[in-house]
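Colleague: I am attaching a structure below and will ask some questions about it afterwards.
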């Protein structure tokens, strides 16, 4: 396993700009998850995919947030019209089956100025 | 809805001291329980997990946790900590009914003094 990778590792943007993050899961993991972690808090679930199907997205923080996994491999998380409150670490995780362990990537740290 | 509480936000210990970090969850159904660790500058790593069976679970680096269903608890223990255990520790829970999403506690930041 090469592990879950995320790009970029850091992103600084101005308020109102759109940003997109990429996550590459461990190969053969069919489940992919996005979480957000703010300072001093545990990760907070956002959404997840089984293969290319997005099975839960009600926890996305607003309609400015969207995620895709078009071919069932890598995934992107987009935030439109960023706000200062979006500043956080965005984490991706993947797992093989329904109850299997989730393995986390290093995260993308977003700073909105 | 699931929720997880970690009672200790910051813990400072000397090397060789014993460690116990509290974790309580609220959920009425069958749950899976996890402890993750985040060393400084590194990503979240799984320390141990409980799905079923023996409620005393042993993980990596000498850590263990005990699932007490009647108390909705999954406390993490280590008999003798080392300086290298300095990290943030997160308890998490998921259930099959909730689509495998993990609900995390707020974390406990452990500092071990050499």
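The numbers here are math on the coordinates, done by the rules we state, and not lab data. Here the structure is a predicted model, which means the values were calculated and not measured. Every residue, glycine as well, gets a Cβ built from its backbone with ideal geometry; the counts of neighbours run over all protein chains shown.
Colleague: Which of these, B:17, B:92, B:65, has the largest mean-square fluctuation under a Gaussian network model of chain B (Cα springs below 10 Å)?
Modeller: Comparing B:17, B:92, B:65 in the GNM, the peak value goes to B:17.
Colleague: Another question, then. What Kirkwood Rh does chain A have if only Cα atoms enter the pairwise 1/r average? Answer in Å.
Modeller: Working: mean 1/r = 0.0719 Å⁻¹.
About 13.9 Å, per the Kirkwood formula over Cα pairs.
Colleague: If you don't mind, another one. Can you tell me the Rg and Dmax of segment B:1-42, counting just the alpha carbons, in angstroms?
Modeller: Radius of gyration, then largest Cα-Cα span, for segment B:1-42: 13.5, 38 Å.
Colleague: Taking neighbour Cβ counts within 10 Å as the exposure measure, how do A:79, A:26, B:60 sort from fewest upward?
Modeller: So the residues, fewest neighbours to most, are B:60, A:26, A:79.
Colleague: On to the next question. Of B:89, B:39, B:25, which has the largest mean-square fluctuation in a 10 Å C-alpha GNM of chain B?
Modeller: It is B:39.
Colleague: Let me ask something else about it. What relative contact order, as a whole-number percentage, does chain B give when Cα pairs under 8 Å and 6 or more residues apart are counted? Write down the numbers at each step before the final one.
Modeller: Numbers: 283 pairs, mean separation 42.7, N = 114.
Taking the mean separation of contacting Cα pairs over the length of chain B, I get 37 percent.
Colleague: Another question, if that's okay. Test of understanding: ordering A:39, B:19 by Cβ neighbours within 10 Å, fewest first, what list do you get? Intermediate results must be reported in sequence, preceding the final value.
Modeller: On the way: A:39 7, B:19 20.
Least crowded to most crowded, the residues run A:39, B:19.
Colleague: Per residue, how big is the convex hull around the C-alpha atoms of chain B? Give it to me in cubic angstrom, could you? Let's see the in-between values first.
Modeller: On the way: hull volume 10.7 nm³, N = 114.
About 94 Å³ per residue, rounded to a whole number.
Colleague: Peptide A:36-42: average number of partner chain Cβ atoms within 10 Å per residue?
Modeller: 4
Colleague: Over chain A, calculate the relative contact order: mean separation of alpha carbon pairs under 8 Å at least 6 apart, over the residue count, as a percent. Kindly include the intermediate steps, with their values, before the conclusion.
Modeller: Details: 291 pairs, mean separation 41.6, N = 113.
In percent, rounded to a whole number, it is 37.
Colleague: Binning at 5 Å from 0, report for segment B:62-114 what percent of all alpha-carbon pair distances ends up in each bin.
Modeller: 4, 16, 20, 24, 17, 10, 6, 2, 0
Colleague: Now for a different question. Using only the Cα atoms of the protein assembly as shown, what semi-axes does the equivalent ellipsoid have when each is the square root of 5 times a gyration tensor eigenvalue? Give whole Å, largest first.
Modeller: On the way: eigenvalues 176, 85, 49 Å².
Rounded to whole Å, the semi-axes are 30, 21, 16.
Colleague: Report the paramagnetic label zone for residue A:17: residues of segment A:87-113 whose backbone N is under 15 Å from a point 7 Å from Cα along the Cα-to-Cβ axis.
Modeller: It comes to A:87-88, A:109-113, nothing else.
Colleague: Let me ask something else about it. When only Cα pairs under 8 Å and 6 or more residues apart are kept, what is the percent relative contact order across segment A:63-113? Don't skip to the end; give the middle numbers.
Modeller: Values: 64 pairs, mean separation 16.0, N = 51.
After rounding, I find 31 percent.
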